[in-house]
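Please read the structure below before turning to the comments.
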Amino acid sequence: MSHQPSTAESLKNSASNAYSAVVNTVVPSSSSQNTGEDYDPNKNAANFAKDTHGNTFKKGDYKDQLNQAAHGGTKQPEKGESYVEKGMVFPLSTIR
């Protein structure tokens, strides 16, 4: 009788082979080697936004919080009709 590896052993071997292939072929990019010493969040455009007047401000700072408060706070998705509102429309004559 021939011996076939179990499913667990087969998966283990496949995972090991895949891991070895990735480790041996992937070359780390220069950005991942950067230790972060050169990173300056004040130069990152993703940390800034413009208000309605075109003024630039840092996201999350005091001016950003004031703008959010002036425009009604953060936008929350509108919910659908509540059960109470649905029940108010339901005709009472159908209940017996």
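The values are calculated or read from the model by the stated rules, or taken from the named source; none is laboratory data. Just so it is clear, the structure is predicted and the values come from calculations on it, not from any experiment. Please note: Cβ atoms are built from the backbone with ideal geometry, for glycine as well, and neighbour counts cover all protein chains shown.
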Please name all residue pairs, on different chains or six or more residues apart, with Cβ atoms under 7 Å, provided the first residue is in the stretch 37-48 and is in a helix (DSSP H, G or I) and the second residue is modelled with pLDDT of 85 or more.
PRO41/ASN47; ASN47/LYS58; ASN47/LYS59
Of the residues that make up the stretch 75-85, is at least one modelled with pLDDT of 80 or more and either on the phi > 0 side of the Ramachandran plot or in a helix (DSSP H, G or I) (or both)?
no
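Given the criteria exposed (fewer than 10 other Cβ atoms within 10 Å of the Cβ), of a type in the set (Ser, Thr, Tyr), modelled with pLDDT under 85 and not in a helix (DSSP H, G or I), does SER31 qualify? Walk me through how you get there before you give the answer.
Details: exposed (fewer than 10 other Cβ atoms within 10 Å of the Cβ): yes; of a type in the set (Ser, Thr, Tyr): yes; modelled with pLDDT under 85: yes; not in a helix (DSSP H, G or I): no.
Against the criterion (exposed (fewer than 10 other Cβ atoms within 10 Å of the Cβ), of a type in the set (Ser, Thr, Tyr), modelled with pLDDT under 85 and not in a helix (DSSP H, G or I)), SER31 does not qualify.
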